[in-house]
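Notes follow once the structure below has been shown.
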Amino acid sequence: MSVHNTRPRTTVTSLNKMKAEGQKIACLTAYDASFAEQLDDAGVDVLLVGDSLGMVVQGLDSTVPVTIDDMVYHTRATARGVNKSLLMADMPFMSFCTEEQALTNAARLMQEGGAHMVKLETTEGQIGIIRRLVDAGVPVCAHLGLRPQSVHKLGGYRVQGRDAESGESMLKEAVALEEAGADCLLLECVPAALAARITQTVGIPVIGIGAGADTDGQILVLYDILGISKGKRPKFSKDYLHGQGSVLAAAERYVSDVKAGVFPAAEHSFE
Ligand code: KIV
């Protein structure tokens, strides 16, 4: 265990404190116990068992086929490597269509998987579901902007909120989600200026991926920072293994770059 693991456990309360004090939140995805242990030792605040596992672990073309059983399996494995990080798990496509279904599947991720928080790719129509989860005591991260589970509806993986109307509606949605009790927001592929506005407007922590430097925290897909993703690395990502001797060193560098505000640079952001 590295020196970082003398740090206190990351909780919803500590994430709020980090936002209030202007300390950046460093997050990465993880899908198994061995990587989780390295990333936790490196000082990563939040580990997300993302449904991106469908693409980077299972070799699928999208996250759409990922099931709740897949998510429970990988969350349980990842939880075994977690010591101080907060463990967030994705609710996969079609696993939260009704309040009842959302409660059952969130319970599985927390009780069988050991997640501390669940993440949902959210639309305005799902505010009632978020409120119901929150009422039941489930910590919730609401994912806005590019929602990869809707890739077939969106017609591709594109930056969201680029025009004034869609930007305003994302801002309103963020406020409504905060009012519904969401504990944090995740913004994916959103123009940097819009992400900064949302971050200043809401009181809950905002974590960005391809959302510029002014969100409260950053997240990347682990396989992208290790340079082992299939195809072209996304513009918003960076290969942190390059020039480092180990996964631990790469993750430590990522954490220190996020904390120092060095990552993301302008070249990793969208206008
Ligand atoms: O599934 C995932 O890994 C995610 C990240 C891209 C934030 O949602």
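A few points about this structure:
- Here residue 5 qualifies as within 24 Å of residue 261 (Cβ to Cβ), in a helix (DSSP H, G or I) and at pLDDT below 95.
- Restricting 12, 56, 64, 72 to residues that are touching an Asp or Glu at 6+ places or on another chain (Cβ under 6 Å) and open to solvent by 10 Å² or more (accessible area, probe 1.4 Å) narrows the list to 12.
- Within the range 17-47, the residues that satisfy the criterion of being open to solvent by 10 Å² or more (accessible area, probe 1.4 Å) and of a type in the set (A, V, I, L, M, F, W, C) are 18, 20, 33, 35.
- Residue in the range 102-135 that is nearest to the ligand (Cβ to nearest atom), counting only those that are aliphatic (A, V, I, L, M) and open to solvent by 30 Å² or more (accessible area, probe 1.4 Å): 110
- Qualifying residue in the range 136-149 (condition: open to solvent by less than 40 Å² (accessible area, probe 1.4 Å) and over 24 Å from residue 86 (Cβ atoms)): no
- Any hit, the range 174-186, residues being more than 21 Å from residue 158 (Cα to Cα) and modelled with pLDDT under 95: no
- Single unsatisfied condition, residue 99 versus (1) touching a helix residue (DSSP H, G or I) at 6+ places or on another chain (Cβ under 8 Å); (2) within 15 Å of the ligand (Cβ to nearest atom); (3) in contact (Cβ under 8 Å) with a residue 24 or more places away in the chain: (2)
- If only residues of the range 17-31 that are in contact (Cβ under 8 Å) with a residue 40 or more places away in the chain and away from the ligand (no atom under 14 Å from the Cβ) are counted, the one that is nearest to residue 234 (Cα to Cα) is 24.
- Candidates in the range 40-94 are the residues that are under 18 Å from residue 143 (Cβ atoms) and among the acidic types (Asp, Glu); of these, the one that is farthest from the ligand (Cβ to nearest atom) is 45.
The values are calculated or read from the model by the stated rules, or taken from the named source; none is laboratory data. Treat the numbers as computed from the prediction; the structure is a model and nothing was measured. Virtual Cβ from ideal backbone geometry, glycine too; neighbours counted across all protein chains shown. Accessible surface is based on the protein model in full, side chains and every heavy atom, while ligands, DNA and RNA are left aside. Shrake-Rupley method; radii C 1.70, N 1.55, O 1.52, S 1.80 Å.
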